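Chemist: Just passing along the structure, written as structure tokens.
None of the figures in this text is laboratory data; all of them are computed from the coordinates on show. Note that this is a predicted model, so its numbers are computed, not measured. Neighbour counts are summed over all protein chains in view; Cβ atoms, including those assigned to glycine, are modelled from backbone coordinates with ideal geometry.
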Amino acid sequence: MKILLCEDNNKDLNTIKNNIKTLECVEYVLTANDGSEALKIAKNNLFDLLITDIDMPKLSGLDLAQNIKNNINNDLLTIFITAYPKYSINSHQVRPIDFLVKPIDYSRLIESINIANDFLISKKINKHISIEDSIFTYKFRKSINMVNFDNILFFEKSGRSVNLCLDNDTLIKFYSDFQNIINRVPHYFFQSSSKYIINLKKVYRVVPSSRTHSEIFFTDSNLSAYLDKKKEVSFLSKYHTTKY
């Protein structure tokens, strides 16, 4: 993985670089002391992950990440570092892998870099897989895993990770862009809410649970998912098309 590291404090810059450059998943680390310098590097070099401080002269880390994402690399993965927690709200505009507050917890930083690498490899895998295949493939750390679509009950978004829920009530955690999963599954999967993508073949009952959601139950399973009331009509239409 190719990393661009941007930090205006030289001591912090060198410490971060020394802690991450020897990681197995890291190919190289390019460095910059401010956002403007980092932007110039981004225009002339390929990289997969931006690790940047937020509060910097000339160009903030937030503006840097947004600029790169809009104009250079829409698939940009980002980890923000700052001494000011107040920036966390605005940072979500670019959907960062993580937001770290100084002093840096390096075990968490390394974990976030590994998560970014999982995202990156998952995207590469997806480019070579047809949704006509009967197998869902996902990456977790050093292993590439495969599950038959017919054994999947649903996908559940859980913070930065995704839970893959199987018909034997097993939950498997992996890291991927949740919104891209719907493009990787067969026609009989349906996004029932912002947090769930369900296998319509496995659904056997839907019960109202609140004014905004219904609970979805699956054949021979103790697990359940949720259906947004606004999606009820499209759910019923697709469910009957799939089942009958």
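Chemist: Give the shape of the chain as rounded, prolate or oblate, defined through the alpha-carbon gyration tensor: a ≥ b ≥ c are the square roots of its eigenvalues, a/c under 1.5 means rounded, and otherwise the shape is prolate if a/b is larger than b/c and oblate if not.
Modeler: prolate
Chemist: Among 36, 84, 222, which residue has its Cα positioned farthest towards the positive end of the charge dipole of the chain, with +1 placed on the Cβ of Lys and Arg, -1 on the Cβ of Asp and Glu, and the dipole taken about the Cα centre?
Modeler: 222
Chemist: When only C-alpha pairs under 8 Å and at least 6 residues apart count, what is the relative contact order of the chain, in percent?
Modeler: Answer for the chain is 10 percent.
Chemist: Taking amide H atoms as placed 1.01 Å from N in the peptide plane, list the residues 5 or more away in sequence, or in a different chain, whose amide H sits under 5 Å from that of residue 136.
Modeler: Here the answer is 147, 148, 149, since their amide H atoms fall under 5 Å of that of residue 136.
Chemist: What's the local net charge at residue 34, with K and R +1, D and E -1, over the other residues with C-beta under 12 Å away?
Modeler: -4
Chemist: Over the range 132-243, what is the relative contact order in whole percent, taking alpha-carbon pairs under 8 Å and six or more residues apart?
Modeler: Taking the mean separation of contacting Cα pairs over the length of the range 132-243, I get 19 percent.
Chemist: Under a point-charge model restricted to the Cβ atoms of Lys and Arg (+1) and Asp and Glu (-1), what is the dipole moment magnitude of the chain relative to its Cα centre, in debye to the nearest 20?
Modeler: Dipole size: approximately 500 debye.
Chemist: With θ set to phi - 60° and the Karplus curve 6.51 cos²θ - 1.76 cosθ + 1.60, what are the ³J(HN,Hα) couplings of the range 55-72 in order, to the nearest whole Hz, using x for Gly and Pro?
Modeler: Per residue, the Karplus-derived 3J(HN,Hα) values read 7, 9, x, 6, 8, 6, x, 5, 5, 4, 4, 5, 4, 5, 5, 7, 10, 10 Hz.
Chemist: Charges at C-beta only: +1 for Lys and Arg, -1 for Asp and Glu. How large is the resulting dipole of the range 132-243 about its Cα centre, in Debye rounded to 20?
Modeler: So the dipole magnitude of the range 132-243 works out to roughly 360 debye.
Chemist: Sort 55, 167 so the one with the fewest other Cβ atoms within 10 Å of its own Cβ comes first.
Modeler: Arranged by neighbour count, lowest to highest, 55, 167 become 55, 167.
Chemist: I would also like to ask the following. Using Cα-Cα distances under 8 Å and only pairs 6 or more residues apart, what relative contact order does the range 2-124 have, in percent?
Modeler: Here the relative contact order equals 22 percent.
Chemist: Mind checking which aspartates and glutamates have their C-alpha under 14 Å from residue 173, skipping anything on the same chain fewer than 8 residues away?
Modeler: The reachable aspartates and glutamates, counting only those whose Cα sits under 14 Å from residue 173, are 118, 156.
Chemist: Counting only Cα atoms, I'd like the Rg/Rh figure for the range 1-128, Kirkwood definition for Rh.
Modeler: When Rh is taken as the Kirkwood radius, the ratio is 0.93.
Chemist: Let me ask something additional. Under a GNM of the chain (C-alpha, springs under 10 Å), which listed residue has the highest mean-square fluctuation: 24, 156, 215?
Modeler: 24
Chemist: A further question on this structure: So what's the back-of-envelope 222 nm ellipticity for the chain, counting only DSSP H runs of four-plus at -39500 (n - 2.57) apiece and dividing by all residues, rounded to 500?
Modeler: So the calculated ellipticity at 222 nm is -9000 deg cm²/dmol.
Chemist: Compute, for the range 2-124, the length of the dipole vector about the Cα centre, with Cβ point charges of +1 (Lys, Arg) and -1 (Asp, Glu) only. Units Debye, rounded to 20.
Modeler: 200 debye
Chemist: Name the long-range amide H neighbours of residue 55: under 5 Å, sequence gap of 5 or more, or other chain; modelled H, no Pro or chain starts.
Modeler: Amide H to amide H, under 5 Å and 5 or more residues apart or across chains, residue 55 pairs with 61, 83.
Chemist: Here's another thing I want to ask about it. Using the basic label-point model (7 angstrom from Cα toward the beta carbon), what is the residue 146 to residue 27 distance in nanometres?
Modeler: Label-label distance for residue 146 and residue 27, simple model: 2.6 nm.
Chemist: Please compute the Kirkwood hydrodynamic radius of the range 108-222 from all pairs of different C-alpha atoms, in Å with one decimal.
Modeler: For the range 108-222, the Kirkwood estimate is 14.9 Å.
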